[in-house]
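Since every read-out is calculated from the coordinates, none of them should be taken as a lab result. Owing to the predicted nature of the structure, the values given are computational and were not obtained by experimental measurement. Positions of Cβ are generated from backbone atoms using ideal geometry, with glycine treated the same way; all protein chains shown enter the neighbour counts.
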Amino acid sequence: MNDFTLHTKYNYDAAIRKVPDFPKPGILFYDVTSVFNNADALRNVIEDAYSIYKDTKITRILAVESRGFMIGGALGFRMGLPVALARKKGKLPGKTVSQSYDLEYGSATLEIHLTDIKAGDNILIIDDLIATGGTLKACRAMVEQLGAKVAGVFGVIGLPFLNYKE
């Protein structure tokens, strides 16, 4: 992927609310919605993502449900790129490709409209949080099944204790 230089030295950790025992006991939930409720934090997220990927040959953004939609939409606007959506199973009305994956506390299935990603596209996948990588692996599998490739991955939060960089 990319070596990157951030646009800012913004303290995202201070802007992200941590909720213990959600969605179940023993999980410390990193609530990225607190970033959306802080205009300065959100502006820095978008500018940092832009600074990382502006020189990458990305042709389309794939935003992961649901908080990834907000980041992906704003970054797509900033970069002048179309944004495809990876949604939970059953939420898209057209023909889709789907992929199931495991989470740290369950399993899920994502889908992408067949027409939203073109063969040869270079895709930047956007999600709010990168933990075990299951969501991103599912997205990569669908992107590759549609004949495109993953040019990069961006998340606001990466959980080091779950080796998110792996």
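For T96, the residues 5 or more places off, or on other chains, whose built amide H falls under 5 Å of its own are L114. Relative contact order of the chain: 20 percent, from C-alpha pairs under 8 Å at least 6 residues apart in sequence.
The local environment of M142, defined by Cβ-Cβ distances under 14 Å, has a net charge of +3 under the rule Lys, Arg +1 and Asp, Glu -1. For segment 113-129, backbone phi angles converted through the Karplus equation (6.51, -1.76, 1.60; θ = phi - 60°) give residue-by-residue couplings of 4, 4, 8, 7, 10, 9, 4, x, 4, 10, 9, 9, 8, 10, 9, 6, 9 Hz, Gly and Pro being listed as x. Relative protection proxy for 54-61, 88-95, from highest mean packing down: 54-61, 88-95 (other beta-carbon atoms within 10 angstrom). Amide H contacts of A86 (H built 1.01 Å from N, in plane; Pro and chain starts excluded): A63, V64, E65 sit under 5 Å, all sequence-distant by 5 or more or on other chains. Once mean projected area of the Cα convex hull in nm² is calculated for the structure shown, the corresponding label among (i) 9.4; (ii) 10.1; (iii) 13.3 turns out to be (i).
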